[in-house]
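Novice: Supplied in structure tokens, the structure appears directly below.
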Amino acid sequence: MIGGGYGGVTAANSLARRDGVSVTLVNPRPHFVSRIRLHQLVTGSDDAVEGFGEVLGGNVRLVVDTATRIDAAARQVSLAGGGTLSYDYLVYAVGSGAADPGVPGAAEFAHWVSDLEGRNDCGRRLMFILETLSPTERAVFVLREVFDIGYDDIAAAIDKSPAAARQISYRARRHVDARRPRTSVSPEETRAALSSFQSALETGNLQGLLDVLAPDVVFVSDGGGLKLAALRPVVGADKVLRYMAGSVDKAGGTFTSERTTVNGNPGLILRVDGVIDGVLAFRVENARVTGLYYVRNPEKLTRVESETPLTSR
């Protein structure tokens, strides 16, 4: 079985219930993504991700890898990790993706939520302009302004009346429109904040990290479904500090960092025992770090050394 979406999981469970049938499911992610809930993941109202242990039957063997070639004659599937799997019958259930709607401007400006990577990018962009809203205001704003959901459906989602949903939407829209203007940041302030953060991170100085983080800092991470990452934005200096400290403990090894730029923004390439763990992009205002975006997605990290928008310095 290739593909662990709705179709693949349903087929695998159905086949595994038959006597004498052994089912192996190959999927590039270590967890099941509920695509119909990805819009809720953007708004922070649902995780949209479950462990395969929750959805797969006990008789299904899970292989976390990517199928790169199917040899029908030899009845073998080659894996990106270097191994091969033999089969008697193969079910190809890799699912679907978003189609180009043919609308002028959509390719350049639309935010896709048809897959986890699209949701992560959409969520990152939205949360970096909405972090000052309350969770309810944020959810209503995104559902109404981004996805054009009707007020009756929004009211049901937030357990409010349609009239209350309208009021919340209006208040959130005004809040975003009237948001305080961003002051310009000098290169010296940016370099100083980045240097303080880098030094505190490498030495494990938690107080030093806390000192350089703005009280309402927002941390967003992208693991691409392949590496551990926060499923929702982490807001607030204390929460961001706890999340980062926990991540460092889990990673183990020696952390080192190298300064870089990410699409024009300051950043750090983080390594654990010399191996790239991720790229951390910063937003700095008033000499404090107000935004952090951590990319751990292996598919994006393979381009770290080659793409011009990401250059070491």
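Novice: From the square roots a ≥ b ≥ c of the eigenvalues of the alpha-carbon gyration tensor of the range 239-297, which class results: rounded (a/c under 1.5), prolate (a/b over b/c), or oblate?
Specialist: It is oblate, given that a/c is not under 1.5 and a/b is not larger than b/c.
Novice: Could you look at the range 201-268 and say what percent of its accessible area is carbon and sulfur, using a 1.4 Å probe and all protein chains?
Specialist: 54
Novice: Could you pull out every residue, at least 5 positions away or on a different chain, whose amide H is within less than 5 Å of the one on Gly291? Hs are placed 1.01 Å off N in the peptide plane, and Pro or chain starts have none.
Specialist: Amide H neighbours of Gly291: Val218, Arg283.
The values are calculated or read from the model by the stated rules, or taken from the named source; none is laboratory data. What you are looking at is a predicted structure, and each value in this text was computed from that prediction instead of being measured. For the accessible areas, the whole protein counts, side chains as well, though only heavy atoms, and no ligand, DNA or RNA atoms are used. Shrake-Rupley method; radii C 1.70, N 1.55, O 1.52, S 1.80 Å.
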